[in-house]
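A short worksheet on the structure shown next.
The values are calculated or read from the model by the stated rules, or taken from the named source; none is laboratory data. Just so it is clear, the model here is predicted, and its values are computed rather than measured. Cβ atoms come from the backbone with ideal geometry, glycine included; neighbour counts cover every protein chain shown.
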Amino acid sequence: MPIMTVREALRQALHEAMQDERVFIIGEDIGHYGSTYGVTAGFLEQYGPERIRDAPIAESGIVGIAIGAAMVGMRPIAEIMSVNFSLLAFDMLFNHAAKIYAMFGGQMTVPMVLRTTNGWTQLSATHSQSFDVYFAHMPGLKVVAPATPYDMKGMLKAAIEDPDPVVFIEHTLMYTVKGEVPEERYTVPLGKARLAREGRDITVVTYSRMVHLSQQAANILARDGIEVEIVDLRTLRPLDMSVALESFKKTNRAVVVTEDWQSFGTSAEIAARLYEYGFDYLDAPIARVNFREVPMPYSKNLELQTVVTVDRIVEAIRKTLS
Amino acid sequence: MAHHDDHGHNSSGALPALSSNSGLDAATLIDYYRQMTLIRRFEEKCQEMYTKARIGGFLHLYIGEEATAVGAISALRPDDHIFTHYRDHGHAIARGLDINALMAELFGKVTGCSKGLGGSMHFADVRKNFWGGYAIVGSHLPLAVGVALGMKMQHRDSVVMVFFGDGATNGGEFYESLNFAQLWKLPVIFVCENNLYAMGTPLEVHSSVTEIYRKACAFDMKAERVDGNDVLVMREAALRAVEHARSGKGPVLLEAMTYRFRGHSAQDTQKYRSKEDIERYRRNDPIARLRALLLNEGIATEQQLRDIDRIIDDQVEASVRFADESPEPGREWIMQAGVYAAPIAVDPPIHGE
C-alpha cells in the first residue's frame, strides 16, 4: 500500500471529489497564492477559477455563500484557512448551516463541507486556538477531526458526499504525517471511532493530532511493560463512545487527551460519558491532559509549557495507574 | 444611478396618486389589489390570534409595506429565487404560498409551511423557490449570493431576490454580500425595504448615509431608490433590476421607501415615533393608493373591490379553521432524524434514542 502524507491524502480526496461537477472549492488564497498549506496547490490551473474560487477575506461571506450554493444542489467545500478565522463565520455556521434542515421542517438540506485547521507554532494568542468544542456543541452540524492519512482521505470523501453540513478539522502540524493510503477509491464512515492501538492496562481516549502524541507516549511506557490502548474518536458529533467504553471496561482506567482548554472542553464531554456509562468499571479517577488555560504565549519556552506534550501524557498515564 | 425623490412620504394630507400607464391589463392590476389586501387582512387576523394567544413567539407585521413585496415579486419568474427576513408574511403571500399553511405555521401545526418548526419568522416553501425567512438581521444576504452563484455555475438564468431592511445595511454581511455579488457578477436583486427604522432606532440615528441606495457606489453597483408604496413603480424598478441581473450584468440594489404602520413586533410600544407621524404616513397607504387608482381610472368598481375584500375575509377565516383543526407536529421532530437529513446512529445513543 502506498505511503503518503496527510496533505497528499487530502489532495487525493479533493481531486476525486472534483470529478463531480457539483463540487467546488471557495476560500482565501486557495488558488493564485498556491494554498497556505499546499492542499489545493495546482488546483486552480487544473480546474479553473469557476470551481477554485479565490475569495475576498470575508469569512462570513465565504461560508454563507457555500450554504446558499449547497441549498440549490451544489456541493461546496468552504476552506477557512485557520480555525481562528472561523469565528467570523460562526453566525453562518450556527444560525444557518446547523439550523436550516430542522427549522424549515426538513424541506432543505445543506450538503457543504467546511475545511479548517487547528494548530500552533509561535503564532501567539489569536492564531493558536482550537474551537472543536464549539462546533461539536451544535446540533445540526457533523464534526470530524481525523488523525491518519487513511482517515483524512476517506472521511473527507464521506463528508463531501454527506447531505448534512460537516465541519472537517485538520491540524497544521499534521500535514506531513505519513501513513498507508490505498490506491482504490474508498470512504470512511462518519461517526465511527476506531482502536488506534491495543493494550490491556489503560485507555487513552483522544482524536486528531493527539493520537500521534499518545502513540509516542505509549511507546515510551511500553519499555516499562505498560500496555496503553488508544481510542481515536475521529468524529466529535455525533460522538461514538462504543469503542472507548469497550476498552474502558477492559482496562478500568482512562486518560482523555485533547488539544483544547480543559474547562467545558471536549475532554469534559468525553470524560462525562465514560463516567456516565462506565461507572461500574472505574478503578481510578479519569485524568485529562489539555492546553493550559491561558491565551497562547508567543515565547517558545512558554508555548511548550502551554501545549500538550508527550511528557505530560506519560505523566498522566503513570499517575492514573499508580 | 437613478434617484427618485418622489418616494411618497408627503405630508400634505392628499393621497399620493400612483403612477399610471403601467401597460398592465385590468385583471393584473386587480390581482395586485387582491394580493396586497390578502396580506393585510391575513396579518390583521394574525394580530387578533396573537392577542388571543393562539400564536406565540414574536409577530412582526408587514402592514403598510405590502406594495413593496407585491410589486417586486411580480417581476419574478417561478424559477427565480427569494430570500427574506423575519418580517416575511408579505413576501410569502406575494409568492403565492398557501395561506392555510402559513396560518398553520403560526399556530405551530404540522400542516404549516415549515411543519410548525419555524413559526412566524421562518416561512418557507422550496417548491416555490421561497427559501425562507431568516431572523438574524442581514445574515441571509450571503446565502442569497450563494444561490445566485449556484445558478451561474449550473448555467441557469434564474435570478435571486433578497429582501432586508434599512437596519441590515450597517452590518458586515451587507458589504461582504454586495462585494461578492458584484465581483462575480451574480444575478442578485438586493431589495432594501427602507421603513425608516432599525427596529426602534431611526434611520438618521443608525446610518451615516440615509439614502441607502448610495451605499452601492462603493461596489460600483447599479442602484435605485423608488417609492416602495407605489406597487407599479416598485414593479417597474424590479423589472429593470431583474432584466439587468438576468442578462449577466450583475446585481442591483433597490431601495424601496416604505413605512410600517404597526410596531416592530406585536409587543412594541413605539416610543420612538409619534402618533402624528404614524397618522401622517398612513395617508400614504399603498392599498388605499392602488384602490384610488383602480376606481379613478375606471379599472374596477367599488362593488368589485368589496367583493374581493369579502372573498379574502372568507379565505382568512378558513385559514384559521384549517390551522385550528390541524394536528401538532409529532415527537419525531425532536429526534435526531428531525435535525439531520442523514442522522448517524451512535452507541450509546443521544438521549437514549
- Message: Can you report the number of residues in the stretch B:113-139 which are among the basic types (Lys, Arg) and touching a Lys or Arg at 6+ places or on another chain (Cβ under 7 Å)?
- Response: 1
- Task: Could you list, in sequence order, all residues of the stretch A:211-264 that are within 28 Å of A:Val294 (Cα to Cα), of a type in the set (A, V, I, L, M, F, W, C) and either within 13 Å of chain B (Cβ to nearest Cβ) or assigned to a helix (DSSP H, G or I) (or both)?
- Result: A:Val211, A:Leu213, A:Ala217, A:Ala218, A:Leu233, A:Leu236, A:Leu239
- Residue pairs qualifying under the 6 Å Cβ cut-off, at least six apart or on distinct chains, with the first in the stretch B:312-337 being of a type in the set (A, V, I, L, M, F, W, C) and the second being assigned to a loop (DSSP other than H, G, I, E, B), are B:Ala323/B:Phe107; B:Ala323/B:Lys109; B:Met335/B:Glu353; B:Ala337/B:Pro343
- Is it true that B:Asp98 is without any contact (Cβ under 8 Å) to a residue 60 or more places away in the chain and more than 15 Å from the chain's Cα centre (by Cα)? yes
- Query: In the stretch B:343-353, is there at least one residue being within 30 Å of A:Asp162 (Cα to Cα), at pLDDT 95 or above and in contact with a helix residue (DSSP H, G or I) (Cβ under 7 Å, 6 or more places away or on another chain)?
  - Reply: yes
- Query: Can you find a residue in the stretch B:14-23 that is surrounded by 23 or more Cβ atoms within 10 Å (Cβ to Cβ), at pLDDT 95 or above and in contact with a helix residue (DSSP H, G or I) (Cβ under 8 Å, 6 or more places away or on another chain)?
  - Reply: no
- Can you name the residue in the stretch A:114-129 that is aliphatic (A, V, I, L, M) and crowded, with 16+ Cβ neighbours inside 10 Å and, of all such residues, is farthest from the chain's Cα centre (by Cα)? A:Leu123
- Message: Go through the stretch B:268-281 and report how many residues are touching a residue at least 60 places away in the same chain (Cβ under 8 Å) and either out of contact with any strand residue (DSSP E or B) (no Cβ under 9 Å at 6 or more places or on another chain) or among the small types (Gly, Ala, Ser) (or both).
- Response: 5
- Query: Of the residues A:Arg7, A:Arg22, which single one is at pLDDT 95 or above and within 14 Å of chain B (Cβ to nearest Cβ)?
  - Reply: A:Arg22
- Note on the structure: Filter the stretch B:164-204 for residues that are of a type in the set (Asp, Glu) and at the interface with chain A (Cβ under 10 Å from one of its Cβ atoms); the one that is nearest to B:Pro251 (Cα to Cα) is B:Glu176
- Message: I need the helices (runs of 4 or more DSSP H) fully contained in the stretch B:117-219, keeping only those with at least 1 residues that are touching a Ser or Thr at 6+ places or on another chain (Cβ under 9 Å) and under 16 Å from A:Gly64 (Cα atoms).
- Response: B:141-153, B:172-183
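Which of the following residues is outside the structural domain of A:Gly154 (by TED's automatic domain parsing) and touching a residue at least 12 places away in the same chain (Cβ under 8 Å): A:Arg223, A:Arg200?
Exactly one of A:Arg223, A:Arg200 is outside the structural domain of A:Gly154 (by TED's automatic domain parsing) and touching a residue at least 12 places away in the same chain (Cβ under 8 Å), namely A:Arg200.
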- What is the residue count in the stretch B:48-71 for residues that are more than 20 Å from B:Gln270 (Cα to Cα) and either within 10 Å of the chain's Cα centre (by Cα) or assigned to a loop (DSSP other than H, G, I, E, B) (or both)? 10
- Selection from the stretch B:314-353 of residues that are of a type in the set (D, E, K, R), out of contact with any Lys or Arg (no Cβ under 7 Å at 6 or more places or on another chain) and away from every other protein chain (no Cβ under 11 Å): B:Asp314, B:Glu317, B:Arg321, B:Asp324, B:Glu325, B:Arg331
